[in-house]
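Colleague: Below is one structure. I have some questions about it.
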């Protein structure tokens, strides 16, 4: 399955599993579809799972953001290492946005050390892309 088909599947799930999370995902997914942004099968599957779980009230939105941040970071590093600079940049940007969303939302309901987690991500980026 190609990136466009994966993104179309995400769009379908956003409409099928209506939730606050789906309302956040769908417009960004549409923008990324418009620029033909890549997306891995693993990340797609995690987003689809999160859309379903979020709509059922089984997963908090901030946890979905953290999953996306982790997946986009992994995918972005791989894209950059493989010379796919455009998709890599988009993935890293998405990882940062999702991490910021996670940190802002999670800190309202649970104790989290976002600075420590962010420091780990900075170090991972720097050491992996040497």
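Colleague: Considering every residue within segment 17-24, establish whether at least one is part of a helix (DSSP H, G or I), surrounded by fewer than 15 Cβ atoms within 10 Å (Cβ to Cβ) and without any contact (Cβ under 8 Å) to a residue 24 or more places away in the chain.
Modeller: Yes: segment 17-24 contains one or more residues that are part of a helix (DSSP H, G or I), surrounded by fewer than 15 Cβ atoms within 10 Å (Cβ to Cβ) and without any contact (Cβ under 8 Å) to a residue 24 or more places away in the chain.
Colleague: Of these, 42, 68, 116, which one is surrounded by fewer than 12 Cβ atoms within 10 Å (Cβ to Cβ), in contact (Cβ under 8 Å) with a residue 24 or more places away in the chain and assigned to a helix (DSSP H, G or I)?
Modeller: Checking each option against the conditions leaves just 42.
Colleague: Among the residues of segment 101-113, write down those that are buried (at least 18 other Cβ atoms within 10 Å of the Cβ) and in contact (Cβ under 8 Å) with a residue 24 or more places away in the chain.
Modeller: Within segment 101-113, the subset buried (at least 18 other Cβ atoms within 10 Å of the Cβ) is 101-103, 105-106.
Across segment 101-113, the qualifying residues are 101, 102, 105, 106.
Colleague: Residue check, residue 36 against (1) on the phi < 0 side of the Ramachandran plot; (2) assigned to a loop (DSSP other than H, G, I, E, B), all met but one. Which one?
Modeller: Single failed check for residue 36: (1).
Colleague: Same structure, new question: Out of all the residues in segment 74-95, which are over 22 Å from residue 28 (Cβ atoms), touching a helix residue (DSSP H, G or I) at 6+ places or on another chain (Cβ under 9 Å) and not in a helix (DSSP H, G or I)?
Modeller: So in segment 74-95, the residues over 22 Å from residue 28 (Cβ atoms) come out as 81-83.
From what's left, touching a helix residue (DSSP H, G or I) at 6+ places or on another chain (Cβ under 9 Å): 81-82.
Result: 82, single match.
Colleague: On to the next question. For the structure I just gave you, tell me whether residue 98 is buried (at least 19 other Cβ atoms within 10 Å of the Cβ), within 15 Å of the chain's Cα centre (by Cα) and part of a helix (DSSP H, G or I).
Modeller: yes
Values quoted throughout were computed directly from the atomic coordinates according to the rules given, and no laboratory measurement underlies them. These numbers were taken from a predicted model, which means no experiment stands behind them. Cβ: placed from backbone, ideal geometry, glycine included. Neighbour counts: every protein chain shown.
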